[in-house]
Every structure is written in C-alpha cells, then in structure tokens.
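The values are calculated or read from the model by the stated rules, or taken from the named source; none is laboratory data. Given the structure is predicted, the values throughout are model-derived calculations rather than measurements. For neighbour counting, all protein chains shown are included, and Cβ atoms are generated from backbone atoms with ideal geometry for every residue, glycine included.
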Amino acid sequence: MSAAPPVQSRLILGIDTSCDDTGVGIVELAPDGSLSVRSNRVWSQTVHAQYGGVMPELASREHVERIAAITTDALEQAGVTLADIGAVAATAGPGLVGALLVGLMYGKGLAQALDVPFYAAHHLEGHIHAAAAEGDLHAPYLALVVSGGHTHLFDVPTEGQYVLVGATKDDAAGEAFDKIARLAGLGYPGGPAISEAAIRGDPDAVPFKEPLQGQKGFDFSFSGLKTAALLAHRAGAKPEDLAASFQRMAVQFLVKTTVRAADATGRDTVVVSGGVAANRALRGAFARTGLNVVFPGAGLNTDNGAMIALAGAAALREGRPASPLDGGASAYAPLANA
C-alpha cells in the first residue's frame, strides 16, 4: 500500500468590512497546524473624522470602492495570486449590515469563482484569533475583546467554545475613548488621541470613580466615566489632564475586572485583543499582573482581514464544515455558545 501524499500548506484569504476599515489578509496554514500571516492590508476610512463617528452609508460606499484594490495589494504583499488561495473567509457579523455585506458578498464570489471553501467568520472570534499569530496559543484561556464597538470577556475552555463571562452594560471602552476625546477636542479616533495626550497630563487631576464597585460578576460600564468627564470638562479640566485621568481609570477597571475573572476561572493565560489592546498603558498594566497575557502583533489589534483569515484557518484546522453561500450578514451576533 503506497504512502499517503503529504498534506500541503493552504492559503486562506480573509476579508473584514464590519465597520470603517477595509481589511484583506492572507494566512498560511502549514501541515503541522501552525499559522503565519503572509499579508495584511487595511484601508482606514478618513471621511468619518468630520462627523466624530462612523457614518454607515459612507462606510459601505468606501468599502465598495476600495475592496478590489485592497485585495490586489494583499495578494501582491503575500507574493501569491488568486489561483493559490485554498479558502476564503469573510466577516458575517456583528457590525454595520451594509458594510458587512460588501465584504461578505465579495468573499463568497471569490470562493465560488475559485471553487474553494468559504467560511463566514464571527468578528469577535477574529479578534481572539489575532493573538494566534503571536505563538502557540491553546485553550483554556480568557479572552478580553476591547474595541470601539465591543467590550466582552470570554472563557475559552476548549478550542472553538466561548463562554461569556462579562460584557459592557452600555458603551464599549473604545467608544468611551472616542467620545471623551471628542469632548476634549483631541481628535478622532479617540484611542490614539487620548493615549498621546495622556503623556502630557496629570492622572490625578480628575478624580474618576471606578465603575461597578462591589459587583460579584465581571461586567463593564463606561457611561459613568463619560458623565464624569463631561462634568470635569465643564469645570475647566485641561484636555491632557482629562485624558490622563480617564485613561488611568479605564485601564484600572479593565485590568482589575479581568484579573478577578482569571482568579475565579483558574485561567493563567489571557488574550487581550481589539483596538484598545494597542493602548500602551493597558499593556503595561497587564504586564504587571503576573498573568500570561497575549496581545496581537502590530497591525492586528484594530479591524483587519488577517484576523478573519486566522479564524478561517482555525475552522479548517478544527475540521469545521464550510459555510453555506446563502447565509446573510447580522448586526448582532452573539459569540458565546455555552
């Protein structure tokens, strides 16, 4: 009996158009199951800055105009052609439905034309898998997804299983950063603006109170901090002091809640992903916890196509069936399955 032919590497093309970034990335799934990012191209829309937030219709139009060119860029960066692609993944939710549909339909069209499997990916699972490119990450672990639209804390007892441990009761952390930055006149997006301004500010200048003190669970809330920031701004707080004080409390709250969850679940590894995971103060605070904290690498924190390709590669590796081509996009799509 002849030996079975060796398993070949597979290239997965991932697409994310869930909000205001057009992302296309290519990931290689090696025969031993290891993953490597071959390319990651993102077009960040600037048209929304004048509005202080994302305009859904404008986002959809920008995706339509840019997605083909960004796909070409990703292929060129990876040094491959469409004929080399072995699977396609695209975000199906959650997100802005109009924006999601652009990438979802484009991805389905590519998969059908290439006659390769298609995987409808969950945006939050993509963020979690963005850390997989940083090393040999295996369950069990906790996953904190903290971005402009999401603040969720999951327990991941086994690969592909997500148990919701805590979530925001109101604003997402990144949304609070955006709104407070706009209030202080620091610009958009708010995460980088507050991070830079905080360097020049006094973190003791504005006495923010930690949200949800005494809670037994692991939820998050940022509406109180937002209100306190408004009152401090009206009282004449300097923008850089407001930024420094808010950032310190937001970071303290996120880290403290996650550490309590790690203690309760017995997890010693925590994945921290999403746009806010790029915040220097947050990374420094987690580094002091003693936990094994894994952050995505450069370019993988904010929305991008490589993280969706990584989620698709994980689906392939775990033997999940391909997604039907008649599935739609969803603005609200819970990830927790237990």
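Table for the structure above
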item	result
Matching residues in region 152-199 - criterion: being of a type in the set (Asp, Glu) and closer than 26 Å to residue 218 by Cα	155, 159, 170, 171, 175, 178
Subset of region 77-119 (residues that are in a strand (DSSP E or B) and either surrounded by fewer than 24 Cβ atoms within 10 Å (Cβ to Cβ) or of a type in the set (Ser, Thr, Tyr) (or both))	87, 91, 93, 118, 119
Test for residue 214: is it under 19 Å from the mean Cα position of the chain (by Cα) and either modelled with pLDDT under 95 or outside the structural domain of residue 290 (by TED's automatic domain parsing) (or both)	no
Residue match in region 322-330 (condition: modelled with pLDDT under 95, under 15 Å from the mean Cα position of the chain (by Cα) and not β-branched (Val, Ile, Thr))	no
Selection status of residue 143, under 20 Å from residue 328 (Cβ atoms), of a type in the set (A, V, I, L, M, F, W, C) and at pLDDT 95 or above	no
Scope region 58-72; condition surrounded by fewer than 17 Cβ atoms within 10 Å (Cβ to Cβ) and among the acidic types (Asp, Glu); matching residues	65
Neighbours by Cβ (under 6 Å, 6+ apart or cross-chain): first from region 46-59, modelled with pLDDT under 70; second crowded, with 16+ Cβ neighbours inside 10 Å and in a helix (DSSP H, G or I)	52/182
Scope region 225-251; condition surrounded by fewer than 17 Cβ atoms within 10 Å (Cβ to Cβ) and either under 18 Å from residue 170 (Cα atoms) or touching an Asp or Glu at 6+ places or on another chain (Cβ under 6 Å) (or both); matching residues	227, 230
Failed criterion for residue 66 (all others in (1) at pLDDT below 95; (2) within 23 Å of the chain's Cα centre (by Cα); (3) part of a helix (DSSP H, G or I) hold)	(1)
